[in-house]
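K.L.:
Before I ask anything, here is the structure I am working with.
The values are calculated or read from the model by the stated rules, or taken from the named source; none is laboratory data. Everything quoted here is computed from the prediction, not taken from an experiment. Glycine also receives a Cβ, built like all others from the backbone with ideal geometry; neighbour counts cover every protein chain displayed. Note: accessible area is taken over every heavy atom of the protein model, side chains too, but ligands, DNA and RNA are not part of it. Shrake-Rupley method; radii C 1.70, N 1.55, O 1.52, S 1.80 Å.
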Amino acid sequence: MKKRLKLTDISREEDSQLTEIVPDDLIPLPAPYDKPGWPADFQQLTADQQQRLVCNLDGFVALGLPRPRNEAEEKKYTELFISGMNKLLSRENNWTFLQPLLLSLDYCARCQTCNDACHVYVASGKNDLYRPTYRSEIFRNLVSRHARRRGKLRGIFGGKNVDLNWSTISRLYELSYRCNLCRRCAQACPMGVDNGLITREIRKLFSQELGWAPQELHEKGTVLQLKVGSPTGMSPDVLRDNVAFLDDDFSTSIGFNVSTPWDKEGADVLLIHSAGDILSFPESPAAFSILCQAAGIDWTLSSEIGGYDGVNYGLFYDDIQLARIAVRHAETARKLNVNKIVMGECGHQHKALMTVADRVLTGDLNIPRESAMTFLEDIVFSGKINFDPSKNDFPVTLHDPCNIVRNLGIVGPQRRILRYLCPQFREMMPHGVDNYCCGGGGGFSVMSGVNFTNWKVNIAGRMKFKQVLEAFSDRPGPEVKKYVCAPCLNCKLQFRDMFSYYRAGEKSGIKCGGLAELIVNAMADIKQAFISWEE
Amino acid sequence: MISGIFWPVFVFSAIALFVIGTAYRVLSLSRQPVHLRWELSPIPHVKGRGSYGGSDFEEFEWWKGPRRRSLLAPLAYMAVEIFLLRSVFKNNKRLWPFSLGMHLGVYLIILTAPLYVAVAIILAGGMPSSDTNSLREVTYVLGVTGYLLGISGVLGLLVLRSVVNDLRSFTSASGYFNLAFLGAVFLSGINACLSLPDFTGTVGQYAKDLITLDPTISIPFLLSLHVIISILFLIYLPWTNMSHFIAKYFTYHSVRWNDAPRDAKMDTELRRLMGRPVSWSAGHVQADGDRSWIEIATEKATDEKTP
């Protein structure tokens, strides 16, 4: 029987983990992924890792927080945590999200209506630790006691008193990276309370006050992007070489002469891909180049630092980094004097640049920003390209990236394309704005610290993997090739990890790719298949 | 038995305190600084698209087209949310019947208030009590239904919160107290309603005496008890998270559905906010308490090691 967790357990001073994830507790997957004992037990932490790192949560470690050297260091971080809570409640330091935060802190009815909306909580077999309300309620309690200084009586009357100590903050830090920030729970809340926002604010407090953030998002993420141009580490020269290579390669393989324009001043469109696509899913940027060229679009890529990678990991943990990167994107477009910026197939890029940064990009930085979904839809239905949908006559389903669909309301364009070009298109259930996150949201798709990948594929992504299998339940075998269209780099990275872990290609014939690839694959003028089914 | 000038002073002071408390809540929420956009679909005011969660961004070159807005769709959405508790029904069926009962109870009792005022006005105008019979019958049915629904809802919620682990571990002492307090309003109401021979007539007469500031005002003990409990609840309400009826406007209109583009007024406010000093401590922020948010956000990055 699972042990029930109390809110006050978070501050238990002993160094033991709060809960244990047992494979048998997880929601079952359809055949052939339902065999007992498969996949094997989770990757256990080594003795060395347990000695060096803080691992007091659930047996998984995403962040690799070193153990404090002494009590003075513990005290220093605890005090910083308190000052961080105060700054989160101040207009000067947190005007960016103060009103949404206060609303979410003050008006939760503790009805738990949001719990079953969370794919992590449900997939884990309803482990208390992963309730959307668990971390929020702890944080609410800490804010009430330490930042608002409410009296002791009111503290007792108003809720369980959670002690603030090193165990509390180190566990809360790790726990803030057990939520995909997909906001499905917020959608379910009758009050409009947003546990996803509270989680992000907790991450922000750790980053902006304590200087704690996952290496993949901060040091190797936003810092590298601002310095070199991309978290991939690609400098402008390397980028141009890579894209030139892709142009040559695809020109040869599909018999269509591809040529990507660079830094063209006054172009109608500045297309900003996620640079990770160039390395991990090169067919995606190649497909965009082919489509733009075939449709006669006046477009360009930028090779300026800040202009060629659309990712913005600041969205996941840090307002300052978010703003710095968004400003760089907009400055690049302003210098090139383009009419609009078009997002690549990247969900969080869409959300960061199209809406969240909208109130940061004032004056002449406010350059119109278009979604890849509407951009592609316009190309497909413009009549400038001939299509042969029979080339896509295989089962296709669509994953809705949370940041494009639930958070931005772009639901229809991608569906109209797929219904037109993919005769065997079918929806997952649920879909659209009610979709489930792929499990890679909130920065997880690029985080693989210690044994975190194991958690991502087994718990965070489990609901989505189940949905995919159910969408293809009429053609389950590997002999029928099936395509999960995920128009988002981070989602594709998560699918790639999941499909690799579950051997979904080999067992079920499933592969994942973007939307532009399906469009190019259906082009009548390209004789060679664009989509490759090889692993 | 309490009588005389106490009643108008007590009741009107309490109403004033409720209005002040509510206004304080509204002002404290509405005076928060403009925040970054954080909308969440579905946004029902997006005409033609809101029903499935679509937004203006579904339009090619969306900034060129008109922003078509529906006035009715958000009202219809909120009506279903407020009166039928759509989100609770969809996501928490175990809680829904009791929560719905409690809320409908509150709505019906609120609905009886203007009806009693109408009775009072008729009586104050010198019309005979018999002229208010129909109105009082309707009020009586609404009141009894409201009290009974409210009691069943509150009892159900108290039991669920005490018995079900998921709810119990998140329910504070104030959570139980709030429910019990509201339950006392309903319970004292039904008690007075069923015990007094002419409940609605007595309340109507009482309301008339209140609005005419009659110094000889006097009511039976059971009604006094109900009025005092209800009035105390009214004073208490704005200072608790039961005032979510206020917050809900802001969580939906100011956050979830706030897709407003910037205008000159907002730009002025944003410039003011971005010009204020920031004091975050982490090294990469490079704040010193003097440098402004905009200075920090537009500068080049520095190397920063994560722990």
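K.L.:
With assigned to a loop (DSSP other than H, G, I, E, B), open to solvent by less than 80 Å² (accessible area, probe 1.4 Å) and closer than 30 Å to B:V164 by Cα as the only criterion, which of A:L63, A:L18 stands out?
P.N.:
Only one candidate passes the filter, namely A:L18.
Residue-by-condition table, conditions (1) closer than 30 Å to B:R256 by Cα; (2) within 12 Å of chain B (Cβ to nearest Cβ); (3) buried (at least 23 other Cβ atoms within 10 Å of the Cβ):
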{"site": "A:G196", "(1), (2), (3)": "yes, yes, yes"}
{"site": "A:T199", "(1), (2), (3)": "yes, no, yes"}
{"site": "A:L210", "(1), (2), (3)": "yes, yes, no"}
{"site": "A:T260", "(1), (2), (3)": "no, no, no"}
{"site": "A:Q293", "(1), (2), (3)": "no, no, no"}
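K.L.:
Here's a follow-up. State yes or no: is A:I305 at pLDDT below 95 and either open to solvent by 10 Å² or more (accessible area, probe 1.4 Å) or assigned to a strand (DSSP E or B) (or both)?
P.N.:
Taking the combined requirement at face value, the residue satisfies it.
K.L.:
Let me ask something additional. Where in segment B:224-307 are there helices (runs of 4 or more DSSP H), lying wholly inside it, with at least 1 residues that are under 30 Å from B:V9 (Cα atoms)?
P.N.:
Of the helices (runs of 4 or more DSSP H) lying wholly inside segment B:224-307, those with at least 1 residues that are under 30 Å from B:V9 (Cα atoms) span B:244-249.
K.L.:
Go through segment A:493-535 residue by residue and tally those that are open to solvent by less than 10 Å² (accessible area, probe 1.4 Å), at pLDDT below 95 and assigned to a loop (DSSP other than H, G, I, E, B).
P.N.:
1
K.L.:
Next question, about the same structure. Of all the residues that make up segment A:315-346, how many are within 25 Å of A:E201 (Cβ to Cβ), part of a helix (DSSP H, G or I) and more than 13 Å from every other protein chain (Cβ to nearest Cβ)?
P.N.:
Number satisfying all stated conditions: 1.
K.L.:
Of everything in segment A:175-194, what is within 7 Å of chain B (Cβ to nearest Cβ), aliphatic (A, V, I, L, M) and part of a helix (DSSP H, G or I)? Give them in sequence order.
P.N.:
A:A186, A:A188
K.L.:
In segment B:261-269, is there at least one residue being at pLDDT 95 or above and in contact with a helix residue (DSSP H, G or I) (Cβ under 8 Å, 6 or more places away or on another chain)?
P.N.:
no
K.L.:
Any idea which of (1) free of Cβ contacts under 8 Å to residues at least 60 places away in the same chain; (2) in a helix (DSSP H, G or I); (3) of a type outside the set (S, T, N, Q) is the one B:Y140 doesn't satisfy?
P.N.:
Of the numbered conditions (1) free of Cβ contacts under 8 Å to residues at least 60 places away in the same chain; (2) in a helix (DSSP H, G or I); (3) of a type outside the set (S, T, N, Q), the odd one out for B:Y140 is (1).
K.L.:
Still on this structure, please answer the following. Give the number of residues within segment A:348-379 that are open to solvent by less than 10 Å² (accessible area, probe 1.4 Å), within 7 Å of another protein chain (Cβ to nearest Cβ), at pLDDT 95 or above and out of contact with any strand residue (DSSP E or B) (no Cβ under 8 Å at 6 or more places or on another chain).
P.N.:
3
K.L.:
Just checking, does segment A:381-393 include any residue being in a helix (DSSP H, G or I) and either within 12 Å of chain B (Cβ to nearest Cβ) or under 14 Å from the mean Cα position of the chain (by Cα) (or both)?
P.N.:
no
K.L.:
Has segment A:22-41 got any residue that is touching a residue at least 40 places away in the same chain (Cβ under 8 Å), of a type in the set (A, V, I, L, M, F, W, C) and assigned to a helix (DSSP H, G or I)?
P.N.:
no
K.L.:
Being touching a residue at least 12 places away in the same chain (Cβ under 8 Å) and touching a Ser or Thr at 6+ places or on another chain (Cβ under 6 Å), is that true of even one residue in segment B:49-67?
P.N.:
The answer is yes; a qualifying residue exists.
K.L.:
Just to be sure, is B:F250 at pLDDT 95 or above and either of a type in the set (F, W, Y) or open to solvent by 30 Å² or more (accessible area, probe 1.4 Å) (or both)? If you could, list the steps in order and put the result at the bottom.
P.N.:
On the way: at pLDDT 95 or above: yes; either of a type in the set (F, W, Y) or open to solvent by 30 Å² or more (accessible area, probe 1.4 Å) (or both): yes.
Yes, satisfied.
K.L.:
Looking only at residues in segment A:395-414 that are hydrophobic (A, V, I, L, M, F, W, C) and touching a residue at least 24 places away in the same chain (Cβ under 8 Å), which one is surrounded by the fewest Cβ atoms within 10 Å (Cβ to Cβ)?
P.N.:
So the residue we want is A:V396.
K.L.:
Right, next: Any residue at all in segment B:105-117 that's under 22 Å from A:A186 (Cα atoms), open to solvent by less than 20 Å² (accessible area, probe 1.4 Å) and touching a Phe, Trp or Tyr at 6+ places or on another chain (Cβ under 9 Å)?
P.N.:
Within segment B:105-117 (the criterion being under 22 Å from A:A186 (Cα atoms), open to solvent by less than 20 Å² (accessible area, probe 1.4 Å) and touching a Phe, Trp or Tyr at 6+ places or on another chain (Cβ under 9 Å)), the answer is no, since none of the residues qualifies.
K.L.:
Somewhere in segment A:483-492, is a residue open to solvent by 10 Å² or more (accessible area, probe 1.4 Å) and among the aromatic types (F, W, Y)?
P.N.:
No; the residues of segment A:483-492 include none that is open to solvent by 10 Å² or more (accessible area, probe 1.4 Å) and among the aromatic types (F, W, Y).
K.L.:
For segment B:156-164, indicate whether the set of residues that are at negative phi, over 20 Å from the mean Cα position of the chain (by Cα) and outside any helix (DSSP H, G or I) is non-empty.
P.N.:
Yes, segment B:156-164 has at least one match.
K.L.:
Please determine, by comparing only the residues of segment B:162-210 that are over 30 Å from A:R131 (Cβ atoms) and surrounded by fewer than 16 Cβ atoms within 10 Å (Cβ to Cβ), which one is nearest to the other protein chains (Cβ to nearest Cβ).
P.N.:
B:N191
K.L.:
Here's a check for you: in segment A:445-462, which residue that is open to solvent by 10 Å² or more (accessible area, probe 1.4 Å) and over 21 Å from A:L315 (Cβ atoms) is modelled with the lowest pLDDT?
P.N.:
Filtering first and then ranking leaves A:V450.
K.L.:
Could you tell me how many of the residues in segment B:135-155 are within 17 Å of B:G204 (Cβ to Cβ), within 21 Å of the chain's Cα centre (by Cα) and aliphatic (A, V, I, L, M)?
P.N.:
Summing the residues that are within 17 Å of B:G204 (Cβ to Cβ), within 21 Å of the chain's Cα centre (by Cα) and aliphatic (A, V, I, L, M) in segment B:135-155 gives 1.
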